[in-house]
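Throughout, read-outs are computed from the coordinates displayed, never taken from laboratory work. All figures in this text were calculated on a predicted structure; none of them were measured in a lab. All Cβ positions, glycine included, derive from the backbone under ideal geometry; neighbour counts span all protein chains shown.
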Amino acid sequence: MHDPKYTADEQDLINDFVAEELISDFSPERKNALMQLAANNIEQDRKISVRISVRDLEVIQRRALEQGLPYQSLVSSILHKYVSGAFKEVER
């Protein structure tokens with residue numbers, strides 16, 4: 001069955017995937033090396049406790065709701081952007 005949101009080629013690929021007809025051309029050694037590389041790069045999450053004002057938390061929760069995600073995920077995203085240098089200081 002062809003889904004109109006996919007091209008014929010995309011639908012063929014989906015059908016082959018669902019039917020488990022796709023075959024990897026990676027050698028077992030290459031596959032193991034890639035899996036080890038991926039395992040080494042997976043980051044472990046850690047829980048932290050942070051004290052913030054009620055008002056700040058309410059603003060964070062409201063903005064998270066507007067974006068359709070849990071406020072904890074928004075806080076994590078903000079912290080990640082900060083430590084990775086994605087935020088720039090604005091002079092006031």
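Quick notes on this one:
- As a summary of the residue check, SER76 satisfies the conditions (1) assigned to a helix (DSSP H, G or I); (2) of a type in the set (Ser, Thr, Tyr); (3) exposed (fewer than 10 other Cβ atoms within 10 Å of the Cβ) except for the one numbered (3).
- Of all residues making up the stretch 40-73, the number that are assigned to a loop (DSSP other than H, G, I, E, B) and of a type outside the set (Ser, Thr, Tyr): 13
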